[in-house]
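Enquirer: What follows is a structure written as structure tokens; I'll ask about it next.
Taken together, the values in this text are just the output of simple stated rules run on the coordinates, not laboratory data. As the structure is a prediction and not an experimental result, all values here were calculated from the model. Glycine gets a Cβ as well: all are built from the backbone with ideal geometry, and neighbour counts include every protein chain shown.
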Amino acid sequence: MKKNEYDRGVYRSLAMITQFGIYMIVPILMCGALGLFLDKKLGTSYLAILLFFIGALAGFRNIYLYSKKIFSEGGKSRRELEREKRREEKDQQTGQDV
């Protein structure tokens, strides 16, 4: 394995870990903030907690779907998948020409 390929794999892993965090934190913060806002407007005290947990569930769902996508692709990037597809199409065309 070349050093450049190793670096690319490390950076891809770091990007994936960061994406997991973003997919989890954003729904929690958005729902929590919405809950606090609604609690102040409506004079209630339970919506922030309820929406916080809904945000956590949404975050887990995001992570589940992202993980499912990654493992179905075998951890390959979109560019690598497109290259493989083009190679397969090219192989099929050359096989038909023979």
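Enquirer: Within the set of pairs 6 or more residues apart or between chains, which connect a residue that is closer than 24 Å to Leu34 by Cα inside the stretch 54-70 to a residue that is of a type in the set (Phe, Trp, Tyr) with Cβ atoms less than 7 Å apart?
Expert: Gly59/Tyr23; Asn62/Tyr23; Ile63/Phe20; Ile63/Tyr23
Enquirer: Sticking with this structure for a sec: Considering the stretch 21-36 alone, what residues qualify as being buried (at least 16 other Cβ atoms within 10 Å of the Cβ) and not β-branched (Val, Ile, Thr)?
Expert: Selection gives Tyr23, Met24, Pro27, Cys31, Gly32, Leu34, Gly35.
Enquirer: For the stretch 32-50, indicate whether the set of residues that are in contact (Cβ under 8 Å) with a residue 12 or more places away in the chain and among the aromatic types (Phe, Trp, Tyr) is non-empty.
Expert: no
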